[in-house]
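Visitor: Take a look at the following structure, please.
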Amino acid sequence: MKLIALFITLVVSMARADDFASRFESFKAQASPADLYRLLYAMPKAGDLHHHAGGCWRMEDLFQVATNATRNGGNRFYTRVKAGTCPDDATPWRRFTTIAAFTWKGLTPCQQSEYLALDELPPNLRAEFIDSLRLDKPGEGRQEFFEEIWPRLGALGRSIDVFLEMTVETMKRYGAEGVRYLEPQTLPMGMLDGNGAVVDPDALHQRLARRLAQPDALATGVAVRWQVVVIRFLPTAERAVEEAYDFVSRHRDLWVGINMAGREDNDKGHPRRFLDVYRRMRLRHPGVGLAIHAGEVDEPNAHMRDTLLLGATRLGHGNNLLTDDDLVLHLRSRVAFVEVNLVSNLVLEYVSDYRQHHFAEMLRTGIPCGLSTDDSGMWDSNMTDEYMTAVREFNLTWDELVQCGRASLEWSFAEPALKRRLMEAYERDVRAFEQRFSAPDWAPLLQSVKPVAYGFARRRWNLAF
């Protein structure tokens, strides 16, 4: 009798899912952009696997943490607002470069006068400072992002106290829109305390574990596992790979993988450079996940193919995937997962039109892939913007949206017990969502959803809630 009851339950569940998928198609055809956004904001979204800590910080939240001594380790941060006033200053000019108090105190009086403390910025400069940390104007593109925004972040990106607080702020923001798992990339080596002392990476791990165990972090409902990032084009990158493997292997409760990032159009970081070091590391360190940026370029090249040789099971971006027919066929055998970042690829001008994008071709020919945000704070976006883009630009079905969420957990580096819990919870959440919106009239339910949309949604779809 139990088997019969289970079979009936399964059949009813499948019928309900099919019915919801059909209703979703009707809804897409009739819904306003605002109502579609409300529905997608409310839906379960599982995981974000391609997620840069720092780049995904909400810049308004960052300003609040950076100017609050009880949350920033008692530090004070200064940003440069003047240029060329000091004859003894040979440093290159970059407006809004940010330094910590211990650096500011070592400057000459004239050099100090070129900076203002963040907590003393007048409203107009405060707004300009926040905007300087994201791409919000036409034509800013990848040069602004790679060469200006990250250096502007400066000391804020290296402060351990800011890092810990912004981790929890990011968990809150993602949790509110139905994301339940994050796998951020960060560098645990070289962070600084409020006095400018380098924090031992093991001590950082301990502080991170304590912060994630606090009630406000737990209340987000978001699980976090970390990747150590290696900047691929630096002369010390091979040594950094070795250090990353050692660190992850010693801290597997929170750290699950290694990622290589950095501009691929800098040939010093080409994948084959690292073939020997990854083979040596696998001799000593079993079970360390490897996800590498690959194919985030304009021109055809062999980077994605060579990245698979390194042992990666996840590829970041893959913008030039469709230029390599053999690689397309190989990936259809499910040897690796492609982390798709739709908003990132548009704002960094790797595509000027989504008709040029590889996402739909991968998804519908069986190449494992899923949606992620890359640097949502610097795009002024969120995970809902990725789903909204997928639906509006590629006409994704309900089943395809759920498939993307499911794949983000299947291909995560989370330990088996956590992965199992996340996947079971995701399936329950999807069924509950379908049940919630099974009523004939969705309008009252949609009005009860209170989405949070940022600058990208306002610019792209004219949405403000």
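Visitor: 7 Å from Cα along Cα→Cβ at both residue 458 and residue 253: what's the point-to-point distance in nm?
Guide: Inter-label distance under the simple model: 4.2 nm.
Visitor: Taking the Cα centre of the chain as origin and charging only Cβ (+1 Lys, Arg; -1 Asp, Glu), how large is the dipole, in debye to the nearest 20? Kindly include the intermediate steps, with their values, before the conclusion.
Guide: Details: 57 positive and 63 negative charges, 228 e Å.
Computed charge dipole of the chain: roughly 1100 debye.
Visitor: Right, next: In sequence order, what are the phi-derived ³J(HN,Hα) couplings for the range 418-435 according to the Karplus relation 6.51 cos²θ - 1.76 cosθ + 1.60 with θ = phi - 60°, rounded to whole Hz, with x for glycine and proline?
Guide: Working through the residues one at a time gives 5, 4, 4, 5, 5, 5, 5, 5, 5, 4, 5, 5, 5, 5, 5, 5, 4, 5 Hz.
Visitor: Between residue 202 and residue 439, how high is the FRET efficiency from 1/(1 + (r/R0)^6) when r is the Cβ-Cβ distance and R₀ = 41 Å? Nearest 0.05. Write out the running numbers ahead of the final one.
Guide: On the way: r = 53 Å, r/R0 = 1.29.
That pair, residue 202 with residue 439, gives E of 0.20.
Visitor: Could you give the size of the charge dipole of the range 76-148 about its Cα centre, using +1 on the Cβ of each K and R and -1 on the Cβ of each D and E, expressed in debye and rounded to the nearest 20? Don't skip to the answer; put the middle values down first.
Guide: Numbers: 10 positive and 12 negative charges, 25 e Å.
My answer is approximately 120 debye.
Visitor: Going 7 Å from the Cα of residue 103 in the Cα-to-Cβ direction, what parts of the range 166-203 have a backbone nitrogen less than 17 Å from that spot?
Guide: Only 187, 189-199 pass the distance filter.
Visitor: Straight-line reach from residue 137: which lysines fall under 25 Å, measuring Cα to Cα and dropping same-chain residues less than 8 apart?
Guide: Within the straight-line limit of under 25 Å, residue 137 reaches these lysines: 82.
Visitor: Among all the lysines, which ones have a C-alpha under 17 Å from residue 172's C-alpha, if same-chain residues fewer than 8 places away are not counted?
Guide: Residue 172 reaches 45, 450.
Visitor: Sort out for me the Cα centre separation of the range 342-409 from the range 222-291, rounded to whole Å.
Guide: With the range 342-409 and the range 222-291 each reduced to a Cα centre, they are spaced 25 Å.
Visitor: Using helices alone, what [θ] at 222 nm do you get for the chain, with -39,500 (n - 2.57) per DSSP H run of 4 or more residues, divided over all residues and rounded to the nearest 500? Don't skip to the answer; put the middle values down first.
Guide: Working: 23 runs with 223 residues, N = 465.
So the calculated ellipticity at 222 nm is -14000 deg cm²/dmol.
Visitor: Of all DSSP beta bridges located in the chain, what percent are antiparallel, nearest 5?
Guide: Bridges in the chain that DSSP calls antiparallel: roughly 20 percent.
Visitor: Which Cα, out of 461, 371, 70, lies furthest along the positive dipole direction of the chain (beta carbon charges, K/R +1, D/E -1)?
Guide: 70
Visitor: Right, another one. Nearest 0.05, what FRET efficiency do residue 91 and residue 127 give at R0 = 25 Å with Cβ-Cβ as r?
Guide: Details: r = 25 Å, r/R0 = 1.01.
The formula returns an efficiency of 0.50 here.
Visitor: Among 324, 385, which comes first, second and so on when ranked by fewest other beta-carbon atoms within 10 Å?
Guide: Details: 324 18, 385 28.
So the ranking, lowest neighbour count to highest, is 324, 385.
Visitor: Please work out how much length the chain gains when fully extended from residue 231 to residue 68, using 0.36 nm per residue of separation minus the C-alpha to C-alpha distance, in nm with one decimal.
Guide: Values: separation 163, 0.36 × 163 = 58.68 nm, distance 3.07 nm.
Residue separation times 0.36 nm, minus the Cα-Cα distance, leaves 55.6 nm.
Visitor: Follow-up question, since we're still on this one. Note the full-extension length gain between residue 110 and residue 195 as 0.36 nm times their separation in residues minus their Cα-Cα distance, in nm to one decimal. Walk me through the numbers on the way to the answer.
Guide: Numbers: separation 85, 0.36 × 85 = 30.60 nm, distance 2.26 nm.
Length gained between residue 110 and residue 195: 28.3 nm.
Visitor: Taking only Cα atoms, what is the 0 to 90° angle, nearest 10, from helix 398-410's long axis to the longest principal axis of the chain?
Guide: 60 degrees
Visitor: In the chain, which Cys residues have no partner Cys with a Cβ closer than 4.7 Å?
Guide: 56, 369, 404
Visitor: While we're here: Using 0.36 nm per residue of separation minus the Cα-Cα distance, give me the extension gain between residue 214 and residue 334 in nm, one decimal. Write down the numbers at each step before the final one.
Guide: On the way: separation 120, 0.36 × 120 = 43.20 nm, distance 3.83 nm.
Result for the pair: 39.4 nm of gain on full extension.
All of the numbers you see were taken from the coordinates with simple rules; none came from a lab. All figures in this text were calculated on a predicted structure; none of them were measured in a lab. Glycine also receives a Cβ, built like all others from the backbone with ideal geometry; neighbour counts cover every protein chain displayed.
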